[in-house]
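Since the structure comes first, as C-alpha cells, the remarks are kept for the end.
Values in this text are rule-based calculations from the coordinates and carry no lab data. Treat the numbers as computed from the prediction; the structure is a model and nothing was measured. Reconstructed Cβ throughout: ideal geometry from the backbone, glycine too, with neighbour counts over all protein chains shown.
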Amino acid sequence: MRRGRVVILQRTMLVQGNAKKEVQPDIAYLQLGVLTTNPNVQRAQEENRLIANSMIQALIAAGIPQEDIETSSYTSFPRYETDSSGKSVLSTYEVRHIFRIKVKDITKTGTVLDVAFENGANISESVSFEVSNYNEIYRHVLQLAVVDGAKKAHAMAVTLQVCLSPVPIKVEEVTQSVFAGPRYASFAVQEKASTPIEPQEITISASVNLEYIY
C-alpha cells in the first residue's frame, strides 16, 4: 500500500513597517524673474534682457555663483484688448523670463531675494527648500522602517503564540506616492533690511512590506 505524501502548507504573515524623520532644510530655491511689456516685441525682449542681466550681475556680486542661476522658463506672447466695436486688437507684448536661483546658505535667502528685486526682478513664483543629503537620510529612515516592520511581526507572533521565522522571505520598498519636499514659504517684499523667510522642516518618510513564515 502506497502512502500519500504529507503536504505542509507554509503560513505567512504580511506586515508593513513605517518610519519618518523631520529634518531642517539647508538649500533654498528662488523662482523669480523679469516681466516686461511693450507694443513692439523686439523692444520688450531687449528691455527684458538688459534688466535680467543687471539682476544676474547683482546676484553674482552678492555671492551667488553664476552656475547657481539658471533659466527656468522664457515666454513671449501678445496681449489683446477688446475695442469699442467688440473687436479683439493687439495691445502689447509680454516677455517673461523666470530664473531658478540656488541659495546654499538659507540664512541669506531673504537678502538674496531683496537683491534680485532691487535690481530689476518684478515677478516671483515661489521660494522652496530642500535637503542636500536627502538620499542619505532616506536610506537611514528606510532601515528604521524595516525595524518597525520586524517589531510588528514579532508582536503579532507573540499574540498568536506561533514561532516566527526571524528572516522575512520577502522585503518590498513601498514607493512613495507623494514626495515630502520641497517645502514652500510665503513672503512679501518689504522696505526693511531683508525679507523674512522662514523655512519649514521637511518630513522624510519610508515604508516597507515584509513577509514572514510562521
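The relative contact order of the range 27-130 comes to 49 percent, based on Cα pairs under 8 Å that sit 6 or more residues apart. In the chain, the longest principal axis of the Cα atoms and the axis of helix 109-118 are about 20 degrees apart.
To the nearest ten degrees, helix 41-61 and the longest principal axis of the Cα atoms of the chain are 60 degrees apart.
Rounded to the nearest 500, the helix-only mean residue ellipticity at 222 nm of the chain stands at -9500 deg cm²/dmol, with each DSSP H run of n ≥ 4 adding -39,500 (n - 2.57). Hey, of [x] 7, 22, 19, 16, 13, 10, 7, 4, 2, 1, 0; [y] 8, 29, 30, 19, 10, 3, 1, 0; [z] 8, 33, 37, 18, 4, 0, which did the structure itself give for P(r) over Cα pairs in 10 Å bins from 0, in percent when calculated? The listed entry that was calculated here is [x]. The angle between the Cα long axis of helix 134-160 and the main principal axis of the chain comes to about 30°, on a 0 to 90 degree scale.
May I ask you to derive the relative contact order of the chain, considering only C-alpha pairs under 8 Å and at least 6 residues apart, and to give it as an integer percent? Across the chain, relative contact order equals 35 percent.
Around Tyr212, under 11 Å between beta carbons, what's the net of Lys plus Arg minus Asp minus Glu among the other residues? Intermediate results must be reported in sequence, preceding the final value.
Numbers: positive: Arg11, Lys152, Lys170; negative: Glu211.
Taking every Cβ under 11 Å from that of Tyr212, the sum is +2.
Number of Lys-Lys pairs in the chain with C-alpha atoms under 27 Å apart and a separation of 8 or more places or on different chains: 16.
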